[in-house]
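Encoded as structure tokens, the structure appears first; notes follow it.
The values are calculated or read from the model by the stated rules, or taken from the named source; none is laboratory data. Remember, predicted model here, so these are calculated numbers, not experimental data. Cβ sites come from the backbone with ideal geometry, for glycine too, and all protein chains shown count toward neighbours.
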């Protein structure tokens with residue numbers, strides 16, 4: 001949202017960014033030209049009436065929202081407001097793979113199936129997400145578009161030059177990096193297991209940036225495999241890009257993805273990528289292996305082979321940079337503008 005808000009503001013649009021809670025590491029990346037409106041709601045559902053009030057008073061030409069529960073409350077608010085605002089919603093992940101499946105999720109899904117057809121436009125982050133969106137919500141037709149996530153390539157490259165302390169790595173070791181939540185979806189266990197398969201002739205250490213519910217089980221796996229000195233959990237960091245630039249290889253081991261934003265960020269840093277060929281965006285970003293390596297989900301042996309091959313035959317960095325530029329936020333904003341207006 002931050003990059004898209006910036007893109008539209010730079011085009012001269014008036015941009016209001018509505019937040020339920022004005023918190024988190026990305027708020028400070030919002031440019032001053034974007035108006036931040038905080039609803040101050042403790043729950044998403046109680047945001048329906050404030051959003052309806054905003055739609056009535058401001059009557060924006062377009063109201064854009066992402067994530068299923070926010071899409072639902074925005075469409076409910078639109079029904080209440082009865083304005084001519086075009087409601088554009090985005091699906092950002094493979095919905096039937098989501099980990100939370102309680103009664104709240106079931107109700108949310110039923111409301112989405114009822115309300116999504118009333119949106120002016122529907123955007124998916126990848127072709128797999130679009131297919132999943134059509135299947136889950138029964139959506140067909142020419143109102144469904146695929147537009148990838150925007151990134152600020154030049155800003156990533158600038159931030160990647162900031163100093164970072166890697167003194168915890170042994171001298172001469174290669175660095176493999178993985179960034180993401182420590183969750184079932186991200187499947188970091190595959191990245192850990194692959195270290196056992198790598199040749200002792202080229203010492204390798206794995207650095208993991210992120211936090212999540214699987215941290216303790218992943219640490220137990222590390223201890224079981226005798227890799228305590230070779231796997232480093234650094235938690236969430238505000239600026240992961242110096243780590244990406246310093247890494248010899250970036251790995252994404254997800255079971256599924258909506259897009260795979262960190263892949264693009266790694267490409268922008270010029271770092272070779274090995275990703276699982278999971279449902280979602282990785283194969284689209286890497287163009288079926290043209291700009292990075294793809295391995296089967298959960299295959300730690302094949303993952304280690306591709307990492308070793310990169311050690312022996314590094315991908316050309318200019319080739320990698322070229323692909324990252326395809327996702328520059330100004331280019332992606334143009335695509336959103338074409339669909340929204």
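The table below gives the values:
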| item | result |
| --- | --- |
| Cβ-Cβ under 8 Å pairs, at least 6 apart or on other chains, region 303-315 side modelled with pLDDT of 90 or more, far side assigned to a helix (DSSP H, G or I) | 303/190; 303/191; 303/194; 304/194; 304/195; 307/194 |
| Qualifying residue in region 73-92 (condition: in contact with a helix residue (DSSP H, G or I) (Cβ under 6 Å, 6 or more places away or on another chain) and under 20 Å from residue 284 (Cβ atoms)) | yes |
| Out of 271, 333, sole residue that is surrounded by 15 or more Cβ atoms within 10 Å (Cβ to Cβ) and not assigned by TED's automatic domain parsing to the domain that holds residue 195 | 333 |
| Scan of region 316-327 for residues that are surrounded by fewer than 19 Cβ atoms within 10 Å (Cβ to Cβ), modelled with pLDDT of 90 or more and not in a helix (DSSP H, G or I), ordered by number | 326 |
| Condition broken by residue 103, with the remaining ones in (1) touching a strand residue (DSSP E or B) at 6+ places or on another chain (Cβ under 6 Å); (2) over 27 Å from residue 64 (Cβ atoms) satisfied | (1) |
| Residue count for region 227-247, restricted to those that are assigned to a loop (DSSP other than H, G, I, E, B), crowded, with 20+ Cβ neighbours inside 10 Å and under 18 Å from the mean Cα position of the chain (by Cα) | 1 |
| Residue 294 being over 25 Å from residue 3 (Cβ atoms) and not in a loop (DSSP other than H, G, I, E, B) | yes |
| Residue 108 being closer than 20 Å to residue 258 by Cβ, buried (at least 18 other Cβ atoms within 10 Å of the Cβ) and modelled with pLDDT under 85 | yes |
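For every residue, the table says whether it meets (1) in the same structural domain as residue 189 (by TED's automatic domain parsing); (2) surrounded by fewer than 17 Cβ atoms within 10 Å (Cβ to Cβ); (3) part of a helix (DSSP H, G or I).
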position	(1), (2), (3)
250	yes, no, no
279	yes, no, no
298	yes, yes, no
310	yes, no, yes
